[in-house]
Amino acid sequence: MTATHIPTALVIGATGGIGGETAKALIAAGWRVRALTRDVARARRDFAWLGPVEWVGGDAMRAAEVIAAAEGARLLLHAANPPAYRNWQGLALPMLESSIAAARAVGARLVLPGTVYNFGPDAGPVVDERSPQHPLTRKGRIRVAMEERLAQAAGNGLRSLAVRAGDYFGGHAPSSWFSNVMVRPGKPVRFILYPGRREVGHSFAYLPDLAQAIVRLAAIEARLAPFEVVHFTGHWLPRGDAIAEAIRRAAGDPHAPILPFPLALLYLAAPFSETFRETIEMRYLWREPLRLANGKLEALIGPEPRTPLDEAVRQSLVALRCLSGAAADAVQAAAGA
């Protein structure tokens, strides 16, 4: 591939979990990656692990700045989220409008990483892209509105793709239940907090796998519908606590306590924290099974990328500095093999 034919992708939200992992995967696949950030110096310092990213200063809320950053791009990944769940109503849709304007201006495919928040319990235990969307939460309703906006914009020349997935985890997933609740970054695993009913199934999406799926979809962009939606199954665990068992195995402590999340603390703090209020709203997803069916995705790209659960958990714990000594060395050696 000559330099003049190297495709360019603009990533909005490269300093977040899915944005960063997808930027890294795009670079590995031969893309030139440009990333919008409000603090270029910090991004260059703290996110060197992504590889040769071209960082450009700008604000996702300002359409003109996103359009300028998107010049020459064939792909625009919209992975920007309001931090810590705050002010989703005021930020999520306006940021998406900026990306829509930029994608239209340069003729790029806009990719939106989606979630299971679109679905309420009425959707059933297994959902596909046609399942009814009756979210129970404010955040879920905003997610539905974002996808509806993409569908509407398809009638005016926008090409877009929404990739829905379960709960993110990985070594670079700063807002995940895995890294915020189940384990403590920088500390050895002495116990695991599990936030749901242990016997209820749960969906987890390992971010490097999800990123690979997005890159493969980008490679067949011309085959996709103007507004395309696909589901990424990830690790569907018939017993959600299987991820806690995998953490035990990775830590080399099969008897590490698996403790229930102290939900009462959330309710006590909720009147003072929008983050905690939003977290409480999403609790139903830990009490009811919801599996994303990926038949459409696999028809497009073949077998879904899926790192074995134990390996994905070990790699995540190493990156979070929760393993030390021989355990971490073994994981790093396996990764380099």
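Since every read-out is calculated from the coordinates, none of them should be taken as a lab result. The structure presented is a predicted model; accordingly, all values stated were derived computationally and were not measured. For neighbour counting, all protein chains shown are included, and Cβ atoms are generated from backbone atoms with ideal geometry for every residue, glycine included.
Our compactness index for the chain, the C-alpha radius of gyration over the empirical 2.2 N^0.38 Å, is 0.97. Within the straight-line cut-off of under 16 Å between alpha carbons, the aspartates and glutamates reachable from residue 24 are 46, 54, 209, sequence neighbours fewer than 8 places apart in one chain being disregarded.
With Cα atoms as the point set, the range 1-111 shows a radius of gyration and Dmax of 13.1, 44 Å. Remark: the range 103-110, residue by residue, has Karplus-estimated 3J(HN,Hα) of 4, 4, 4, 10, x, 8, 7, 8 Hz, where x stands for each Gly or Pro and the curve is 6.51 cos²θ - 1.76 cosθ + 1.60 at θ = phi - 60°.
Annotation: peptides 285-295, 240-250, ranked by per-residue average of other Cβ atoms within 10 Å with the highest first, follow the order 240-250, 285-295. For the range 74-201, the Cβ-based charge dipole about the Cα centre amounts to some 380 debye (Lys, Arg positive; Asp, Glu negative; other atoms uncharged). The Cα-based radius of gyration and maximum Cα-Cα distance (Dmax) for the range 134-192 are 17.1, 54 Å.
Backbone amide hydrogens, once placed in the peptide plane, bring residue 160 within less than 5 Å of 110, 227, 228, excluding anything fewer than 5 places away on its chain.
Note on the range 157-198: with charges restricted to the Cβ of Lys and Arg (+1) and Asp and Glu (-1), its dipole about the Cα centre is near 120 debye.
Set the Cα radius of gyration of the range 69-187 against 2.2 N^0.38 Å, with N its number of residues, and you get 1.16. Placing +1 on each Lys and Arg Cβ and -1 on each Asp and Glu Cβ, with no other charges, gives the chain a dipole about its Cα centre of roughly 340 debye. Sorting 96-105, 10-19 by their mean Cβ neighbour count within 10 Å, with the most densely packed peptide first, gives 10-19, 96-105. For the range 44-53, 3J(HN,Hα) computed residue by residue from phi via the Karplus equation (6.51, -1.76, 1.60; θ = phi - 60°) reads 5, 6, 8, 10, 4, 5, 5, x, x, 8 Hz, glycine and proline entered as x. Just for the chain, what percent of DSSP beta bridges are antiparallel, to the closest 5? Percentage antiparallel, nearest 5: 10.
When peptides 229-238, 56-65 are ranked by their average number of other Cβ atoms within 10 Å per residue, the highest-first order is 229-238, 56-65.
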